[in-house]
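Heads up: the structure comes next, in structure tokens.
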Amino acid sequence: MSKPTAGWTAKPFTQKPLRQPAYDFRDVPKCSPDLAGSSLHFLTEREHLVEAMSEMVLLCIQAARHQKGNGGQKRSSKPLSLEYMADQLDVDDPICGYLIRTKEKPAGCDTVDRWQMGMLQGFITVTTFTNWQKSFRWDSMHDSAFAYDDEHLAEQMASGE
């Protein structure tokens with residue numbers, strides 16, 4: 001009788017303790033749309049994203065608090081969890097990302113006395129599409145596949161142009 005094989009078993013890597021930021025996320029000024037006063041960092045090493053994970057989690061929590069405080073919006077304001085981020089940063093391959101950090105003190109900022117260079121204002125992680133579901137079906141002809149395209153592009157896609 002042969003031993004059963006393990007198959008595809010995912011096992012997370014042991015990670016170092018998270019480094020806590022030396023600033024309060026309530027003091028982080030909002031990033032301007034043109035990134036004036038901020039710096040954009042492109043990260044290609046997984047380790048650099050993992051080093052920023054505690055900041056990314058705390059930023060998500062603060063964004064959810066801010067969204068909740070701005071009145072009842074229709075979409076969910078549940079922040080991304082530490083477990084979710086740790087899993088994505090562990091499993092996604094390849095992975096890269098962008099961090100947006102404070103670079104200059106904004107004029108008229110309420111928290112100027114607590115402002116620091118390098119406070120995290122935003123982030124994006126990028127990977128190729130991965131799916132571990134046996135029953136997943138990608139249907140590019142379903143109406144919802146064009147839900148976020150502009151009208152002209154949606155019409156071209158629907159007509160097969």
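The values are calculated or read from the model by the stated rules, or taken from the named source; none is laboratory data. Fair warning: this is a prediction, and the values are worked out from it, not measured in the lab. When we count neighbours, we look across all protein chains shown, and the Cβ atoms used for this are built from the backbone with ideal geometry, even at glycine.
Go through region 71-85 residue by residue and tally those that are modelled with pLDDT of 85 or more and over 20 Å from residue 41 (Cα atoms).
4
For residues in region 86-117 being surrounded by 17 or more Cβ atoms within 10 Å (Cβ to Cβ), modelled with pLDDT of 90 or more and closer than 20 Å to residue 31 by Cβ, which is farthest from the chain's Cα centre (by Cα)?
102
Looking only at residues in region 36-63 that are touching a Gly at 6+ places or on another chain (Cβ under 9 Å) and assigned to a loop (DSSP other than H, G, I, E, B), which one is nearest to residue 116 (Cα to Cα)?
Per the stated criteria, the residue is 52.
Only one of these is at pLDDT 90 or above and hydrophobic (A, V, I, L, M, F, W, C): 18, 58. Name it.
Answer to the check: 58.
Which members of region 24-36 meet the condition of being farther than 17 Å from residue 66 by Cα and either surrounded by 10 or more Cβ atoms within 10 Å (Cβ to Cβ) or touching a Pro at 6+ places or on another chain (Cβ under 9 Å) (or both)?
Matches in region 24-36: 35, 36.
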